[in-house]
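What follows is one structure encoded as structure tokens, with my remarks underneath.
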Amino acid sequence: MENPKAKLPIGVFDSGIGGISVLAELIKALPYEKYLYFADTLHSPYGVKSEEIVRTLSVKVAEFLAFIGIKSLVVACNTATSAAIHEIRKTCPFPVIGMEPALKPAVELGLAGKILVLATPLTLKSKKFNELVHHYKHRAEIIPVPCVGLVEIIERDQSRRREIEGYLSQLFSSVNTVDIAAIVLGCTHYVLIKKEILHAVGNKIAVIDGNSGTARHLRTVLQNICLLNTAIVDRPHVPINAQVTFYISGAEREKGIAQCKQLLQKEGIICE
């Protein structure tokens, strides 16, 4: 007998639109689930705030989604994960999946050269990230690269390609790309401009994010506790019709929802 809670939606939360890159991978891996997506654009960006403020904001969002009713929560934000994942898990009676920079797959490529980790200042300062670096420092030279202001540019309007390209050009201006083995995207917002990052470094460097790994992990967790929605088992047609309810904090709710849907549509996903 199917667990009645299996019909509940999966909650996905980010400080803004960056978590849509994670949501897209979740929908591809689990196309017959329902989703609630919360973008805390009122308080974005998280990466320049104190850890205490991010923790408070993140717990409030988790409590809100739990009140509505979800069967699991994906904290689709590296900064919120590093600052608040332990507190969120204490308050939530369901599985909570976080994000972390995909250092492991980058190191396991075994390529000669440095691994750059692009992330927000708060993520790079966090205990969680520094423990990760310590774990792999004997296998690779890991260089943290704080990307101050990049989330704000992406949030404002992705059509501002010149602004994004100018930022990336300056970011990598002092980097010898010959010395780089891989680039890890330690912020879900940066996945939205992955093509631009590849172009900025010459398209020959591996650029890695943890989104698909997070989706596979969630599927395994839900399967192990009998919370997968197993009502339909055939493969979905493309484009995928997804059931997503959006919650956008701040004044520009409709604009935010339209932007989220547009980003999903680029990934072959249409929201009902």
Relative to the present Cα-Cα distance, how much length would full extension add between Glu252 and Val48 at 0.36 nm per residue of separation? 71.3 nm
How much accessible area per residue does the chain have, in Å², with a 1.4 Å probe? 49 Å²
What is the spin-label model distance, in nm, from His237 to Leu198 if the labels are put 7 Å beyond Cα along the C-beta direction? 2.9 nm
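Quick check on the chain: helices-only [θ] at 222 nm, where DSSP H runs of length 4 and up contribute -39,500 (n - 2.57) each and the sum goes over total residues. Nearest 500, please. Intermediate values should be presented prior to the final figure.
On the way: 12 runs with 120 residues, N = 272.
Taking each H run of at least 4 residues, the total per residue is -13000 deg cm²/dmol.
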Report, to the nearest 10°, how far helix 20-29 tilts away from the longest principal axis of the Cα atoms in the chain, using its own Cα long axis and a range of 0 to 90°. 60 degrees
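Report, in cubic angstrom per residue, the convex hull volume of the C-alpha atoms of the range 41-121. Mind dumping the intermediate values first?
Details: hull volume 8.4 nm³, N = 81.
Roughly 104 Å³ of hull volume per residue.
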Can you grab the distance from the C-alpha centre of the range 125-202 to the C-alpha centre of the range 11-49, Å, no decimals? 20 Å
GNM result for the chain, Cα springs below 10 Å: residue of Gly149, Gly210, Gly47 fluctuating most strongly: Gly149
Of all accessible surface on the chain at a 1.4 Å probe, what whole percent is carbon and sulfur? 53 percent
Could you give the size of the charge dipole of the range 139-272 about its Cα centre, using +1 on the Cβ of each K and R and -1 on the Cβ of each D and E, expressed in debye and rounded to the nearest 20? 240 debye
Scoring the range 71-139 by relative contact order with C-alpha pairs under 8 Å, at least six apart, yields a percentage of 35 percent
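Given an 8 Å cut-off on Cα distances and at least 6 residues of separation, report the relative contact order of the range 25-161 as a percent. Provide the component values of the computation, followed by the final result.
Numbers: 141 pairs, mean separation 30.9, N = 137.
Normalised by residue count, the contact order of the range 25-161 is 23 percent.
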Roughly how tilted is helix 127-136, in degrees to the nearest 10 and between 0 and 90, from the longest Cα axis of the chain? 60 degrees
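Decide, for the range 183-272, between rounded, prolate and oblate: order the square roots of the alpha carbon gyration tensor eigenvalues as a ≥ b ≥ c, take rounded if a/c falls under 1.5, and otherwise choose prolate if a/b is larger than b/c, else oblate. Mind showing how you got there, number by number?
Values: a/c = 1.84, a/b = 1.23, b/c = 1.49.
Oblate shape, in that a/c is at least 1.5 and b/c is the bigger or equal ratio.
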Could you tell me the accessible area of Lys255 in Å² (1.4 Å probe, neighbours in place), rounded to the nearest ten? 120 Å²
Rounded, prolate or oblate for the range 118-272? Axes are the square roots of the Cα gyration tensor eigenvalues, ordered a ≥ b ≥ c, and the cut-off for rounded is a/c under 1.5. oblate
Could you name the aspartates and glutamates in cross-link range of Lys125, using Cα to Cα under 20 Å and dropping any fewer than eight places away on the same chain? Asp14, Glu51, Glu52, Glu87, Glu100, Glu141, Glu152, Asp209
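The values are calculated or read from the model by the stated rules, or taken from the named source; none is laboratory data. The shown structure was predicted, so the numbers you read here are calculated from the model rather than taken from an experiment. Using ideal geometry, Cβ is built from the backbone for each residue, glycine included, and neighbour counts are taken over all protein chains shown. Calculation scope for accessible area: heavy atoms of the full protein, side chains included, ligands and nucleic acids excluded. Shrake-Rupley method; radii C 1.70, N 1.55, O 1.52, S 1.80 Å.
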